[in-house]
Amino acid sequence: MTMRVISRDLLAQQKARATFPKDFKLSDHVREIDKLANGHRIYEFVGVDTFGDEWRTRQRFEVDAGRDEEPLLYTPLYEEIRDAGLPKNVSVNRMGPAGVIFEEVLEGGEVKFMSVGESQYTVPIRHWATGLEYSKDLVIFNELWRVPVVERQVGIAHNALLNHLHLYPIISYAYAAANQTAANSSGDTYVEDVMLTIEDAITNSRTDTDNPRRGPYMLLCSTSNIFAIEKALTRVPQQGVSLQSSAIDAVRGIIAYDGWSGMRGNLSVSYPGVTTGKAYLISLQYRGQDFQSFVKQDLMFEGEERDLSRFMTQSVWDSYWGVYANPIAAVEEITLP
């Protein structure tokens, strides 16, 4: 079985920017019609052509291209529920490992029914948004080269937020001894130490009587540790017999996450990644119960209360997401050698 490595540098895709025609002048297609008290300006598309719709289509392309540059890393861990009808607060029902069992029905016997009881957890669907504004300098100086740079950042920042929302509950959780594995340095090489440590983590996960975590597994780590982990989990025929382990097959993939940093004006934001020397062994056995991603609305252009085909002014991009994670039931925190 081929082990999958998931990281930003391996999945990121760069797309060419949508270009404007030679000698194109934005001022020929828009005009300023108002200046608000807060200094924001409103521009109207002029003419009878389809420039307004084409501008929106180009803008959507650039935002989506930004999302391709900042790929989502958490998707192998989460069960995604997409439903525009999701309520503001979603109830999460956990049935546990023995929530459903089949029993033999003898003649004259009855079928036992499972039921979903009262929810133990409630996940709020949260609203996330950012705004784009086109300045007067853009129109006056025809600074079209600035446009896709900013628009792509909308897509980049949104996907960075989603990675943070889904992965931070795993890396920030305060794990107790039952969910922790110490480094094992009894091997002959560093790579062997890493393998032995992962084996210990799998053993500890499977033998936990309160929250048995039997796999298969994904490993979440820092990019600074990914090469050693990858070597430890790569089978090399006829070499290093001590490295041949079923742990290689139990771990289905590695996710490398270093967090993200961005700025809007003077405001900076930083999402922490996995600390060097730490890793998280995540069981996918009950993925549909332990990790749930609720999508009421994916990233879309909200606009304003004006005709979107007529005005180029401020634009709002927003989404509605909720995340449920249960690390204690699925995760083993590993200290690497």
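The values are calculated or read from the model by the stated rules, or taken from the named source; none is laboratory data. Predicted model, so just to flag it, every value in this text is computed and none were measured. Here the Cβ positions follow ideal geometry from the backbone for every residue, glycine too, while neighbour counts run over all protein chains shown.
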*Among the residues of region 264-293 satisfying the criterion of being buried (at least 20 other Cβ atoms within 10 Å of the Cβ) and among the small types (Gly, Ala, Ser), which is nearest to Arg152 (Cα to Cα)?*
Gly273
_Top-ranked residue of region 314-328 - restricted to ones that are at pLDDT below 90 and not hydrophobic (A, V, I, L, M, F, W, C), ranked as nearest to Gln292 (Cα to Cα)_ = Tyr320
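Of all residues being at pLDDT below 90 and crowded, with 20+ Cβ neighbours inside 10 Å in region 234-263, which is farthest from Tyr280 (Cα to Cα)? Just the residue, please. Break it down stepwise before answering.
First pass over region 234-263, keeping only residues at pLDDT below 90: 234-249, 262-263.
Retained after the next criterion (residues that are crowded, with 20+ Cβ neighbours inside 10 Å): 243, 247.
Working: Leu243: 20, Ala247: 14 Å.
Filtering first and then ranking leaves Leu243.
Can you tell me which residue among Ser205, Ser224 is in a loop (DSSP other than H, G, I, E, B) and within 27 Å of the chain's Cα centre (by Cα)?
Numbers: Ser205 fails: in a loop (DSSP other than H, G, I, E, B).
Matching residue, one of Ser205, Ser224: Ser224.
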*Got at least one residue in region 267-281 being in contact with a Leu (Cβ under 7 Å, 6 or more places away or on another chain) and farther than 27 Å from Met195 by Cβ?*
no
_From the list Ala160, Ala174, exactly one residue is in a helix (DSSP H, G or I) and either in contact (Cβ under 8 Å) with a residue 24 or more places away in the chain or within 24 Å of Leu284 (Cβ to Cβ) (or both). Which is it?_
Ala160
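Identify, from the list Ser172, Ser115, Ser135, Ser91, the residue that is more than 22 Å from the chain's Cα centre (by Cα) and either modelled with pLDDT of 75 or more or over 30 Å from Lys296 (Cα atoms) (or both). Before the answer, list the steps.
Working: Ser172 fails: more than 22 Å from the chain's Cα centre (by Cα); Ser115 fails: either modelled with pLDDT of 75 or more or over 30 Å from Lys296 (Cα atoms) (or both); Ser91 fails: more than 22 Å from the chain's Cα centre (by Cα).
After applying the criteria, what remains is Ser135.
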*So which residues in region 201-214 are of a type outside the set (S, T, N, Q) and under 12 Å from Ser246 (Cα atoms)?*
Ile202
_So the check is Cβ under 6 Å with 6+ separation or different chains; which pairs have a first residue in region 184-199 that's surrounded by 14 or more Cβ atoms within 10 Å (Cβ to Cβ) and a second one that's aliphatic (A, V, I, L, M) and not in a helix (DSSP H, G or I)?_
Thr197/Ala183
